[in-house]
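Each remark here refers to the structure printed beneath this line.
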Amino acid sequence: MSQWKLVVGNRNYSSWSLRGWLVLQHSGLPFSCIDLQLQSAEFAAEVARYTPVGKVPVLLVGEMAIWDSLAIAEFVAEQRADIWPADPLARARARSLCAEMHAGFGALRQQMPMNLQARDRQVPLRPELAADIARIEAIWSQTRQQFGAVGPWLFGHWSIADAFFAPVAARFRSYGVAIGEEAARYQQTLLADPAIEQWLADGVDQGIISAAEVGLR
Ligand SMILES: N[C@@H](CCC(=O)N[C@@H](CS)C(=O)NCC(=O)O)C(=O)O
């Protein structure tokens with residue numbers, strides 16, 4: 001296997017990069033990162049070296065570029081099938097939820113942008129935002145109840161679905177979103193994942209973001 005490289009955006013802000021990175025990190029397969037600065041003067045030219053779409057994440061496998069978090073996740077799962085749930089119906093549900101996250105939740109994404117380090121933020125709870133939050137809460141509690149018996153993750157064992165919801169857990173923390181007990185327990189599982197701390201710390205090690213920005217010492 002040639003050395004895989006994942007092109008990512010700012011670690012504090014780029015939720016899609018975090019999703020792709022979490023999938024790779026939890027797969028245990030070797031990879032390294034190329035960090036780009038979103039909204040910098042150089043970003044468009046730099047990302048264009050890897051993808052015609054102009055967005056991160058992008059997974060580079062030799063000469064081949066795989067863009068979009070969902071395509072990256074599926075490619076990684078072809079090497080490590082156990083990052084999807086084992087049961088076909090559970091797997092189908094996990095795919096439905098990832099697709100729903102990938103294609104939807106526009107109000108949540110626009111009105112509560114991810115900032116992993118932010119706390120005590122407040123935004124108006126407009127109806128479309130409240131509806132997105134209610135849907136996420138229902139997904140988390142119902143899926144945990146139906147599929148989560150064997151462990152703390154959405155489908156018991158860690159899966160790609162957890163990567164797709166991790167940035168939402170961070171948003172709920174930043175904006176103080178109150179959710180029911182079952183959903184809140186799952187949110188804590190996502191936030192306590194040491195991989196998230198690793199994601200930020202790796203960025204610091206590479207000199208990409210300042211230690212002060214991520215609140216690390
Ligand atoms: N559907 C894409 C979305 C990727 C995306 O929107 N990435 C953002 C960063 S989180 C980006 O690259 N934005 C740069 C831009 O739009 O100029 C995926 O799932 O990977």
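The values are calculated or read from the model by the stated rules, or taken from the named source; none is laboratory data. Since this is a predicted model, take the numbers as computed values, not measurements. Heads up, the Cβs are rebuilt from the backbone with ideal geometry, glycines too, and the neighbour counts pull from every protein chain shown.
For this structure, a couple of remarks:
- Count of residues meeting criterion [surrounded by 14 or more Cβ atoms within 10 Å (Cβ to Cβ) and out of contact with any helix residue (DSSP H, G or I) (no Cβ under 7 Å at 6 or more places or on another chain)] in the stretch 144-169: 2
- Ile83 falls short on exactly one of the conditions (1) among the hydrophobic types (A, V, I, L, M, F, W, C); (2) within 12 Å of the ligand (Cβ to nearest atom); (3) touching a helix residue (DSSP H, G or I) at 6+ places or on another chain (Cβ under 9 Å), and that condition is (2).
- Residue match in the stretch 21-35 (condition: surrounded by 12 or more Cβ atoms within 10 Å (Cβ to Cβ), acidic (Asp, Glu) and over 20 Å from the mean Cα position of the chain (by Cα)): no
- Contact annotation: residue pairs with Cβ atoms under 6 Å, 6 or more positions apart or on different chains, pairing a residue in the stretch 114-134 that is under 26 Å from Leu200 (Cα atoms) with a partner that is at pLDDT below 95 and part of a loop (DSSP other than H, G, I, E, B), are Gln117/Gly215.
- For the stretch 47-64, the count of residues that are surrounded by fewer than 19 Cβ atoms within 10 Å (Cβ to Cβ), over 27 Å from Arg185 (Cβ atoms), within 16 Å of the ligand (Cβ to nearest atom) and aromatic (Phe, Trp, Tyr) is zero.
- Condition met for Ala138 (over 25 Å from Arg91 (Cβ atoms) and either surrounded by fewer than 16 Cβ atoms within 10 Å (Cβ to Cβ) or more than 15 Å from the chain's Cα centre (by Cα) (or both)): no
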